[in-house]
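Engineer: Below you'll find the structure I mean.
The values are calculated or read from the model by the stated rules, or taken from the named source; none is laboratory data. These figures come from a predicted structure and were not determined experimentally. Here the Cβ is made from the backbone with ideal geometry for all residues, glycine too, and neighbour counts use every protein chain on show. To get the accessible areas, we keep the full protein, side chains included, count just its heavy atoms, and leave off ligands, DNA and RNA. Shrake-Rupley method; radii C 1.70, N 1.55, O 1.52, S 1.80 Å.
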Amino acid sequence: MRITFAASEGVPFSKTGGLADVVGSLPKAVAAAGHEVEVLLPRYRMTKPGKLLPNCRSITLPLANGFHFASIQDGGVADGVHTYLVECPEFFDRDQLYMDKGQDYPDNPLRFAAFSLACLEFLKRSANPPDVIHCHDWQTALVPIYLRNLYSGDPFFEKSSVVFTIHNLGYQGLFPPHILPHIGLHAGLFTIDGLEFYGKVNLLKGGILFSDFVTTVSRKYAEEIQTPEFGYGLEGVLRSRADRLQGILNGVDYDAWNPTSDRLIPANYSPEDLKGKEACKKGLLEKMGVVQPVLDRPVIGIVSRFATQKGFDLIAGVVEELMAMDLYIVALGTGEPEYEDLFRSLTAKYPDKFLVKVAYDNTLAHLIEAGADMFLMPSRYEPCGLNQIYSLKYGTVPVVRATGGLDDTIEPFNGKTGTGFKFADYTPEALLAVTRKAVEYYRQPKAWRTLMLNGMKKDFSWPSSAKQYVKVYQAASRARTKIKSAASASNA
Ligand code: ADP
Ligand code: GLC
């Protein structure tokens with residue numbers, strides 16, 4: 001099959017979070033399974049430019065506020081995956097991907113409308129249509145929306161099906177109805193069975209409705225989003241597509257995240273020889289400015305977008321009790337000003353034990369994975385979560401809330417089996433209790449070593465999840481063929 005990925009970020013071209021890790025690694029696994037795979041991404045300021053494709057020097061994007069123009073750059077081939085970059089400086093040559101100073105760029109709908117349209121126009125210039133277009137999150141939801149509306153009569157795309165993956169239902173692409181003509185869509189789509197959602201346009205809803213198959217990034221999250229607690233108002237729409245909705249757990253790229261080969265950490269280590277981990281711990285504490293690191297004190301690591309989703313308000317509720325325990329917390333993140341301020345205030349109050357860097361820093365992210373003893377993810381909800389999976393490989397024991405992918409990937413430790421610690425109730429007390437339990441085990445070196453090794457042996461690499469995606473691509477293609485034959489029968 002020819003599979004085209006369209007996404008708003010992907011490693012190594014651009015990244016704000018886990019979506020980029022997935023878009024940087026799943027396509028390789030699909031290519032390794034024998035398919036022809038390409039990835040389409042915007043060319044941001046942070047993205048190294050590619051080579052201009054001669055037949056795509058100027059793609060016209062007729063959006064209602066006028067004509068916009070994009071070109072396509074060849075981003076090169078790596079591990080069997082060809083990447084193409086949509087160059088459109090007026091929309092993508094900016095400091096950040098989606099927002100600045102905590103505020104979304106006001107022209108986001110237009111930016112991702114331009115990207116989605118450019119993807120389809122680029123595909124139309126190739127010799128063969130893709131069998132499947134695999135879109136991700138609201139930023140590319142316009143691909144299926146355009147395909148089934150603006151391009152519905154276009155014979156080129158007749159056989160192309162769309163798989164849509166929801167990485168996070170908390171971001172839906174909600175805009176006022178007057179944007180519809182600006183993004184090239186007619187007002188007739190603003191109905192309860194279309195893009196309308198409590199008086200707004202909901203692009204994610206359109207992605208769900210107009211795709212042939214919908215997936216999300218863990219089995220548990222696929223169940224959760226069909227309930228009012230996690231569905232963010234879309235639970236009914238998702239339930240209506242339950243026969244075409246599947247949770248497929250994200251895999252991870254162990255070429256990039258592996259303590260045996262990681263070049264971003266001071267010492268490598270493996271399950272057979274853990275010595276290097278202590279050097280990483282020392283390096284981490286020194287890097288965070290601790291003058292005389294106490295090495296037998298546990299370090300709890302955090303690397304995260306600072307967002308309400310991630311549950312850090314729970315820490316604030318029990319910080320005194322946590323700091324009274326013999327431990328360090330090392331946190332790295334950026335995001336919502338409210339949480340950046342929270343972390344700054346915590347480090348100001350406990351400068352020797354609560355160590356914080358408010359930044360986006362990939363090298364430090366790797367050092368925290370390697371140097372910490374535990375990794376904390378107290379998320380309110382977590383579609384999959386990648387850092388707990390990386391942590392397992394680094395022998396850094398996850399302490400997580402039992403939700404979504406966190407619940408699917410971490411098994412509670414009972415002294416012998418299990419890989420981490422989980423708590424269920426979203427309360428500061430539950431977080432405190434589970435941290436106490438983890439620290440008690442940390443004080444029992446034999447049990448702790450068993451726990452670390454249990455996690456390090458787990459394999460969350462892509463092949464098995466990629467196989468499930470290939471099955472979904474086949475199911476989506478079958479669904480499209482059925483729709484096509486039904487349509488030609490009714491025309492006959
Ligand atoms: P999400 O996609 O919701 O942010 P994930 O756990 O799926 O959560 O993925 C987060 C990814 O982003 C990981 O690769 C993590 O290391 C990275 N990351 C998050 N915040 C930072 C940061 N401040 N600096 C460096 N990397 C970060
Ligand atoms: C989202 C989710 C995260 C998931 C990532 C990649 O950003 O918040 O849980 O791991 O996408 O799928």
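Engineer: So, of the residues in region 2-18 that are assigned to a strand (DSSP E or B) and among the hydrophobic types (A, V, I, L, M, F, W, C), which turns out to be nearest to ligand 2 (Cβ to nearest atom)?
Structural biologist: The qualifying residue nearest to ligand 2 (Cβ to nearest atom) is Phe5.
Engineer: For residues that are under 22 Å from the mean Cα position of the chain (by Cα) and of a type in the set (Asp, Glu), scanning just region 252-277, find the one that is surrounded by the fewest Cβ atoms within 10 Å (Cβ to Cβ).
Structural biologist: Restricting to residues being under 22 Å from the mean Cα position of the chain (by Cα) and of a type in the set (Asp, Glu), the top hit is Asp255.
Engineer: Can I ask one more? Output the qualifying pairs, or none if there are none: Cβ atoms under 7 angstrom, residues six or more apart or on different chains, first residue in region 221-250 and in contact (Cβ under 8 Å) with a residue 40 or more places away in the chain and farther than 14 Å from His167 by Cα, second residue part of a loop (DSSP other than H, G, I, E, B) and of a type in the set (Val, Ile, Thr).
Structural biologist: From region 221-250, no pairs qualify.
Engineer: Quick check on region 1-55: of everything there that is of a type in the set (S, T, N, Q) and under 19 Å from Pro130 (Cβ atoms), which residue is modelled with the lowest pLDDT? First the steps, then the outcome.
Structural biologist: Kept after step one, since they are of a type in the set (S, T, N, Q), are these residues of region 1-55: 4, 8, 14, 16, 25, 47, 55.
Okay, now just the ones that are also under 19 Å from Pro130 (Cβ atoms), so 4, 8, 55.
On the way: Thr4: 98, Ser8: 98, Asn55: 92.
The extreme case among them is Asn55.
Engineer: Further, regarding this structure: At least 3 residues that are closer than 22 Å to Ala113 by Cβ and modelled with pLDDT of 95 or more in each: list the strands (runs of 3 or more DSSP E) lying fully within region 132-241 that qualify.
Structural biologist: 132-136, 161-166, 200-202
Engineer: Conditions: (1) free of Cβ contacts under 8 Å to residues at least 60 places away in the same chain; (2) assigned to a strand (DSSP E or B). Glu320 meets all but one. Number of the miss?
Structural biologist: Of the numbered conditions (1) free of Cβ contacts under 8 Å to residues at least 60 places away in the same chain; (2) assigned to a strand (DSSP E or B), the odd one out for Glu320 is (2).
Engineer: Looking at region 294-304, which of its residues are buried (at least 16 other Cβ atoms within 10 Å of the Cβ) and not hydroxyl-bearing (Ser, Thr, Tyr)?
Structural biologist: Those that are buried (at least 16 other Cβ atoms within 10 Å of the Cβ) and not hydroxyl-bearing (Ser, Thr, Tyr): Arg297, Pro298, Val299, Ile300, Gly301, Ile302, Val303.
Engineer: Restricting region 101-121 to residues that are open to solvent by 20 Å² or more (accessible area, probe 1.4 Å) and closer than 24 Å to Phe67 by Cβ, which is nearest to the chain's Cα centre (by Cα)?
Structural biologist: Tyr105
Engineer: Only one of these is surrounded by 24 or more Cβ atoms within 10 Å (Cβ to Cβ), more than 16 Å from ligand 1 (Cβ to nearest atom), of a type in the set (D, E, K, R) and under 19 Å from Leu123 (Cα atoms): Arg43, Arg2. Name it.
Structural biologist: Going through Arg43, Arg2 in turn, the sole match is Arg43.
Engineer: Looking only at region 122-148, count how many residues are hydrophobic (A, V, I, L, M, F, W, C), open to solvent by less than 10 Å² (accessible area, probe 1.4 Å) and closer than 19 Å to Pro177 by Cβ. Steps first, please.
Structural biologist: Filtering region 122-148 down to residues hydrophobic (A, V, I, L, M, F, W, C) leaves 122-123, 127, 132-133, 135, 138, 141-143, 145, 147.
Adding the requirement that they be open to solvent by less than 10 Å² (accessible area, probe 1.4 Å) leaves 123, 132-133, 135, 141-143, 145, 147.
Keeping just the survivors that are closer than 19 Å to Pro177 by Cβ gives 141-142, 145.
Within region 122-148, residues that are hydrophobic (A, V, I, L, M, F, W, C), open to solvent by less than 10 Å² (accessible area, probe 1.4 Å) and closer than 19 Å to Pro177 by Cβ number 3.
Yes or no, residue by residue, for (1) away from ligand 2 (no atom under 13 Å from the Cβ); (2) open to solvent by 10 Å² or more (accessible area, probe 1.4 Å); (3) assigned by TED's automatic domain parsing to the domain that holds Phe306; (4) under 18 Å from Val252 (Cβ atoms):
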position: Leu332; (1), (2), (3), (4): yes, no, yes, no
position: Asp341; (1), (2), (3), (4): yes, yes, yes, no
position: Arg344; (1), (2), (3), (4): yes, yes, yes, no
position: Ala372; (1), (2), (3), (4): yes, no, yes, yes
position: Phe375; (1), (2), (3), (4): yes, no, yes, yes
position: Ser379; (1), (2), (3), (4): no, no, yes, yes
position: Asn387; (1), (2), (3), (4): no, yes, yes, yes
position: Val397; (1), (2), (3), (4): yes, no, yes, yes
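Engineer: Take residues that are within 24 Å of Pro27 (Cβ to Cβ) and tell me which of the strands (runs of 3 or more DSSP E) falling wholly in region 44-105 contain 3 or more.
Structural biologist: So the answer is 66-78, 81-87.
Engineer: Then there is this: Which one of Lys446, Lys437 is of a type in the set (Lys, Arg), over 18 Å from Met325 (Cβ atoms) and surrounded by fewer than 23 Cβ atoms within 10 Å (Cβ to Cβ)?
Structural biologist: Going through Lys446, Lys437 in turn, just one is of a type in the set (Lys, Arg), over 18 Å from Met325 (Cβ atoms) and surrounded by fewer than 23 Cβ atoms within 10 Å (Cβ to Cβ): Lys446.
Engineer: Exactly one condition in (1) crowded, with 22+ Cβ neighbours inside 10 Å; (2) assigned to a loop (DSSP other than H, G, I, E, B) is not met by Cys280; state its number.
Structural biologist: (2)
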